[in-house]
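Okay, so here's the structure we're looking at.
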Amino acid sequence: MENRILLAAIVLGLLSASLLSAQQGSDITKPLLLVYSQGQPAYGQELADILSQDPRIDARILVLTDPDLFRSMLYFPSVKVVLAAFNRDEDEQLGEHLERFFEGGGGMVGLGFAGWQTTVREASETVFPLNASYYVVGQYNASGKAYMHHLYVDQAHSISQEVGNFTAYTHKVFMSFNKTSGQLLPVSPEGEVTVLYREPVYGAPAVVAYDAAGVSVTFGCFAGDSVERAPTYFGRFTGQEEFRKLLRNSIAWVWANERRYEETKSSALTQFAKDAEEAEEIRVQAGRSEQERQNMRWLRTAVTFVLAIVGVAVVYWKCLAPSPKGETIDERADGG
């Protein structure tokens, strides 16, 4: 019940913002960029602040931490792109809904446990194609009090071309790995996978771009925590220029290549027009019914008036009108 109230509050807030934008002359049709940060609102806000500075991303940015609200918002036609930071290994029953958004042509960027099997289930193959069940911890830097992974470029892509090789201050890199054989497990999604970065220990994909029904970029790292002393504290990497560029470039790429927004917006406008037409038809029918009721009231009034006149005439004729034969009133009442 509380989640429904919160969802209603968000919807009302979005509508209010749209009305305010209309009053100020700005674009009320600006699409939504959802930022979901699992249990970490400060991390989500930091990600939103980084993206708000990019002129390529002309969006209203909404930060969510509640999985129920996030699940519901995925079906809004105004949502163009989703950035989802999964910060812990916890199944919040979101995988199926992420798949539906993606299969509808949506654009998504996943961080942290986004490609982890037990966090998003089948979506770890169909949306964020890492299919990860293993991770490697980075080298500890005592002076910086942080774990480091040296990520190197694999396949060329517009997302990474301005960044190159860099050191990521992140605790873990998640991967698909068989501990028995000591070999990486193949991931075979249906679309085209481009490995942007690999980690050096096993050569596992660390950042991948994926183009299938929808488009996505998956970071097998950068799970964030708000505790500054924690090894996963998000402030260790969100201040890195390499991370900020990669994040912005990733969002810009899925923003330009997603295929859901225009289609759902067109469908929504068609449905709105249909609803408006039905509402107008109901209004006309209601007007006709009201007119018919008004006519019936007039008819009843007229009949009542006529009957009253007739009644008065009868009483007058029986009781008050002078008799041509000189009869008295009592004689007339007695019938002569």
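Just check segment 31-259 against the gyration tensor rule for me: Cα atoms, a ≥ b ≥ c as the square roots of the eigenvalues, rounded for a/c under 1.5, and otherwise prolate or oblate depending on whether a/b exceeds b/c.
It is rounded, given that a/c, with a ≥ b ≥ c, falls under 1.5.
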Could you tell me which residue out of Thr232, Asn141, Leu33 lies farthest along the dipole of segment 31-259 toward its positive end? Charges go on the beta carbon: Lys and Arg +1, Asp and Glu -1, centred on the Cα centre. Asn141
Rounded, prolate or oblate: which one fits segment 122-161, using the alpha carbon gyration tensor with axes a ≥ b ≥ c (rounded when a/c is under 1.5, else prolate when a/b beats b/c, else oblate)? oblate
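Need one word for segment 77-153: rounded, prolate or oblate. Basis is the Cα gyration tensor (sqrt eigenvalues a ≥ b ≥ c); a/c below 1.5 gives rounded, then a/b vs b/c decides. Show your work: numbers first, answer last.
Details: a/c = 2.45, a/b = 1.97, b/c = 1.25.
The shape class here is prolate.
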Rounded to the nearest Å, the spacing of the alpha-carbon centers of segment 36-89 and segment 112-177 is 20
Restrict the search to segment 205-249; then list the GluC sites (Glu not before Pro) that DSSP places in a loop and that have at most 16 other Cβ atoms within 10 Å of their Cβ. Glu228
If you count, for each residue, the other Cβ atoms within 10 Å and average over each peptide, how do 107-120, 53-66, 85-98 line up from highest to lowest? 107-120, 85-98, 53-66
Segments 246-258, 68-80 sorted - mean Cβ within 10 Å per residue, highest first: 246-258, 68-80
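None of the figures in this text is laboratory data; all of them are computed from the coordinates on show. Since this is a predicted model, take the numbers as computed values, not measurements. Using ideal geometry, Cβ is built from the backbone for each residue, glycine included, and neighbour counts are taken over all protein chains shown.
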